[in-house]
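The values are calculated or read from the model by the stated rules, or taken from the named source; none is laboratory data. This is a predicted model, so every value here is computed, not measured. Neighbour counts are summed over all protein chains in view; Cβ atoms, including those assigned to glycine, are modelled from backbone coordinates with ideal geometry. Ligands, DNA and RNA are stripped out before the accessible areas are found, and what is left, the full protein with its side chains, is counted by its heavy atoms. Shrake-Rupley method; radii C 1.70, N 1.55, O 1.52, S 1.80 Å.
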Amino acid sequence: MPSLSLRPIVRPSDDDAFVAFLSAHEFPFHVRRRPTAADARARLADGVIDGPAAAGFWVLADGETVGTVTLEDLEDDTALIDLRLASDARGRGIGSTALPAIVTEVFGRFPSVRKLEGQTREDNVAMRRAFRRAGWVKEAHYREGWPVDGGSPLASVAYAILRSDWESGTVTPVPWDDEP
Ligand SMILES: CC(C)(COP(=O)(O)OP(=O)(O)OC[C@H]1O[C@@H](n2cnc3c(N)ncnc32)[C@H](O)[C@@H]1OP(=O)(O)O)[C@@H](O)C(=O)NCCC(=O)NCCS
């Protein structure tokens, strides 16, 4: 397994590299499957990296850039994650290994965040398994919550990890059967 690290994406010096990365790969489970360079620049302008309460990191494997992670709502109780690996870096355990590093970064740097959450499409098996493997808990299954171009909507599935669980090394389950 390669050695994993994170490096902040810095604006504006990393803008071109960020645009090149995003527009070079296909993201089959994102609403915008093949972002163009213009799409990527629009995301930068929208503050995906340096907007209020946002941050972005390069994911490095053995020192080589293999992906990005962007984070939103870092001043709220619950922050949101979007992890994207290069096409040729997928399926090699990097996502599963990156998640704990991301969690450490977020809980270490952003004291107001109590919970880190990610939502993914129901058929994104790799992301769902990576969440589970890293100790994240499924918290929601939004039926027909993910629009699909030219097709029926799929479910959006939410996984999260609590700061308190991260600190204590426990996994608090969701009380699914709590209706009186
Ligand atoms: C989703 C993503 C981050 C997962 O990272 P990854 O490095 O590819 O995943 P891993 O190699 O760590 O594999 C995690 C698990 O999924 C399984 N898996 C990996 N690729 C798979 C695939 N294409 N189909 C089914 N299962 C797959 C692995 O076997 C592993 O299962 P295990 O824990 O039971 O052994 C990565 O594939 C990616 O960037 N995809 C495109 C962007 C994306 O969809 N991001 C999600 C945004 S929320």
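Taking segment 65-85 as the search range and keeping residues that are surrounded by fewer than 21 Cβ atoms within 10 Å (Cβ to Cβ) and over 10 Å from the mean Cα position of the chain (by Cα), which one is nearest to the ligand (Cβ to nearest atom)?
Thr65
Could you give every pair whose Cβ atoms fall below 7 Å, whose first residue belongs to segment 9-28 and is under 26 Å from Asp123 (Cα atoms), and whose second residue is in a helix (DSSP H, G or I), counting only separations of at least 6 or pairs across chains?
Leu22/Ala40; Ser23/Ala37; Ser23/Ala40; His25/Ser87; Glu26/Ser87
Pick from Ala140, Ala126: which is in a strand (DSSP E or B), at pLDDT 95 or above and at negative phi?
Unique residue meeting the criteria: Ala140.
Only residues that are crowded, with 16+ Cβ neighbours inside 10 Å and either assigned to a loop (DSSP other than H, G, I, E, B) or more than 12 Å from the ligand (Cβ to nearest atom) (or both): list them for segment 102-113, please.
Within segment 102-113, Val103, Glu105, Val106, Phe107, Phe110, Val113 meet the criteria.
Suppose the filter is crowded, with 17+ Cβ neighbours inside 10 Å, under 24 Å from Arg34 (Cβ atoms) and near the ligand (Cβ under 9 Å from one of its atoms); does Thr97 pass it?
no
Is it the case that Glu117 is within 10 Å of the chain's Cα centre (by Cα), open to solvent by 50 Å² or more (accessible area, probe 1.4 Å) and more than 8 Å from the ligand (Cβ to nearest atom)?
no
Are any residues in segment 39-64 surrounded by 13 or more Cβ atoms within 10 Å (Cβ to Cβ) and at positive phi, and if so, which ones?
Gly47, Ala53
Being out of contact with any Asp or Glu (no Cβ under 6 Å at 6 or more places or on another chain) and in a loop (DSSP other than H, G, I, E, B) is the filter; apply it to segment 151-164 and report the residue that is modelled with the highest pLDDT.
Top of the filtered list is Ser152.
So, Asp88, is that one acidic (Asp, Glu), more than 12 Å from Leu6 (Cβ to Cβ) and near the ligand (Cβ under 7 Å from one of its atoms) or not?
No.
Please go through segment 165-180 and pick out each residue that is surrounded by 10 or more Cβ atoms within 10 Å (Cβ to Cβ) and outside any loop (DSSP other than H, G, I, E, B).
Asp165, Trp166, Ser168
Just need a number here: residues in segment 8-36 that are farther than 28 Å from Arg128 by Cβ and assigned to a loop (DSSP other than H, G, I, E, B).
Residues meeting the conditions: 5.
Cβ-Cβ under 6 Å, sequence separation 6+ or interchain: first residue in segment 131-143 and touching a residue at least 12 places away in the same chain (Cβ under 8 Å) and farther than 11 Å from Thr120 by Cβ, partner outside any helix (DSSP H, G or I) and open to solvent by 60 Å² or more (accessible area, probe 1.4 Å). Which pairs?
Close Cβ pairs (under 6 Å, with a partner that is outside any helix (DSSP H, G or I) and open to solvent by 60 Å² or more (accessible area, probe 1.4 Å)) amount to Gly135/Val171.
Please verify whether Thr36 is surrounded by fewer than 19 Cβ atoms within 10 Å (Cβ to Cβ) and out of contact with any Ser or Thr (no Cβ under 7 Å at 6 or more places or on another chain), treating the condition exactly as stated.
no
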